[in-house]
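Below you'll find the structure, written out as structure tokens, and then a few comments.
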Amino acid sequence: MISLLQIAPTLAEYFNVRLVSHARPVEKIHKFVCSRYPVPSVVVLLVVDSLDFRLYSELADELRTVHELAEQGGLLFECKTVSSHTTPAIGSILTGLEPEAHGIFTDNDVGKSKIKSLLEILEDAGKKTAMVIETGGVKPLIGRISYVYAVDDRDDIIEYDELIKTHTIAVLKKQDLRMAFAHIRAIDRFAHRGRDLRVAAKVTDGNIREIANAVRERDGLLLICGDHETHLKEEKRTRTVPLIVSCP
Ligand SMILES: [Zn+2]
């Protein structure tokens, strides 16, 4: 089984930049991408907060688009997670390092770590990147990432995800963009509040469909993954999440 740590090394290999990690690139993804014509010029990495492998399977009807992306010409992996918390997990997804190694545990740690994320490494190599995330973690990225879109946290998480989706689609219009990272959160919020996960999954799937359409218009590559197991009360979950790789 692969791990979330392997995403950054895989993309670093694809972009031909140097990223220091003990995790190995996923050969199957590399082959998949290199066999495309034209080879995708832009990559979107979308993290779906709290989407674990079990939820991905159980809510297959609600997550139809995501399943179709995997089943119709894409790849699906079950990945080991590295943390039960969002910020360190995303730090690992973007660096290829364990949380202890990258040291990003809270929003306050973002930008203070000496370790560069894949996006910063790409920027150093002259490849433009984008981040579409919550306002809290954004400040240190301004000036280091070409396109930074911040969305304020709010009670209405559906509205929040809608804004993340809109910004992600907007940044894909920038022809010099090589990679975008975005993070949607409705499933996580619904899980924490004990609300109907099928509703959150349906909304999430609709947002992913629109993002996938925008990626298709650019002949791009779309990676979708969870960050950790779904946080549900009184239920122990297996610590694996899906990773879907597709050229929509
Ligand atoms: Zn999370």
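None of the figures in this text is laboratory data; all of them are computed from the coordinates on show. As the structure is a computational prediction, the values presented were derived from the model and not from experiment. Positions of Cβ are generated from backbone atoms using ideal geometry, with glycine treated the same way; all protein chains shown enter the neighbour counts.
In what sequence, highest mean first, do 105-113, 198-206 appear when ranked by Cβ atoms within 10 angstrom?
The most tightly packed comes first, giving 198-206, 105-113.
Using amide H atoms built in the peptide plane, which far-off residues or other-chain residues are under 5 Å from VAL20 H to H?
Amide H to amide H, under 5 Å and 5 or more residues apart or across chains, VAL20 pairs with nothing.
Along Cα→Cβ, 7 Å out, is where each label goes; now give me the distance between the ones at VAL17 and THR238 in nm to one decimal.
3.4 nm
Taking the Cβ-Cβ separation of HIS192 and MET1 as r and a Förster radius of 22 Å, what is the calculated FRET efficiency to the nearest 0.05?
FRET efficiency, HIS192 to MET1: 0.25.
For an R0 of 41 angstrom, estimate the FRET efficiency from the Cβ-Cβ distance between ASP61 and ALA125 and round to the nearest 0.05.
For ASP61 and ALA125, the calculated efficiency is 0.45.
Tell me, in nm to one decimal, what length is gained between CYS34 and VAL199 on full extension, where the rule is 0.36 nm per residue of separation less the Cα-Cα distance?
55.7 nm
Calculate one ³J(HN,Hα) per residue across the stretch 131-146 by plugging θ = phi - 60° into the Karplus curve 6.51 cos²θ - 1.76 cosθ + 1.60, and present them in order as whole Hz with x for glycine and proline.
Taking θ as phi minus 60°, the curve returns 10, 10, 9, 6, 3, x, x, 8, 3, x, 8, 5, x, 9, 10, 4 Hz for the stretch 131-146.
Above 21 Å lies some portion of the pair distances; for the stretch 79-161, what is it as a whole percent of all C-alpha pairs?
In whole percent, the share of Cα-Cα pairs in the stretch 79-161 beyond 21 Å is 31.
Give, in nm to one decimal, the length gained when the segment between THR166 and GLN72 is fully stretched (0.36 nm per residue of separation minus the Cα-Cα distance).
Extra length available between THR166 and GLN72 comes to 31.3 nm.
For LYS173, which lysines qualify as cross-link partners when the Cα separation must be under 18 Å and same-chain residues fewer than eight apart are set aside?
Reachable lysines: LYS127, LYS128, LYS165.
Hey, can you rank 32-39, 122-129 by average C-beta count inside 10 Å, highest first?
122-129, 32-39
What FRET efficiency comes out for the pair ARG24/HIS85, r = Cβ-Cβ distance, R0 = 25 Å, nearest 0.05?
The computed FRET efficiency comes out at 0.50.
Among the helices of the chain (complete DSSP H runs), which have Cα atoms covering no less than 15 Å along the helix axis and a Kyte-Doolittle mean of at least -1.0?
Flagged H segments are 157-171, 197-217.
In whole Å, how far is the Cα centre of the stretch 183-248 from that of the stretch 1-26?
Centre-to-centre distance over Cα atoms comes out at 22 Å.
Could you put ILE158, ILE90 in order, starting from the residue whose Cβ has the fewest other Cβ atoms within 10 Å?
The order, fewest Cβ neighbours first, is ILE158, ILE90.
Any idea what the alpha-carbon Rg over 2.2 N^0.38 Å comes to for the stretch 179-235?
1.31
Using bins 10 angstrom wide from zero, how does P(r) for the stretch 19-131 break down, in % of all Cα pairs?
11, 36, 38, 15, 0
Based on a Kirkwood Rh over C-alpha pairs, give the Stokes-Einstein translational diffusion coefficient of the stretch 148-247 at 10 °C and viscosity 1.306 mPa s in µm²/s.
Approximately 108 µm²/s, per Stokes-Einstein.
Which shape class applies to the stretch 2-246: rounded if a/c is under 1.5, otherwise prolate when a/b exceeds b/c and oblate if not, where a ≥ b ≥ c are the square roots of the Cα gyration tensor eigenvalues?
It comes out rounded by the Cα gyration axes.
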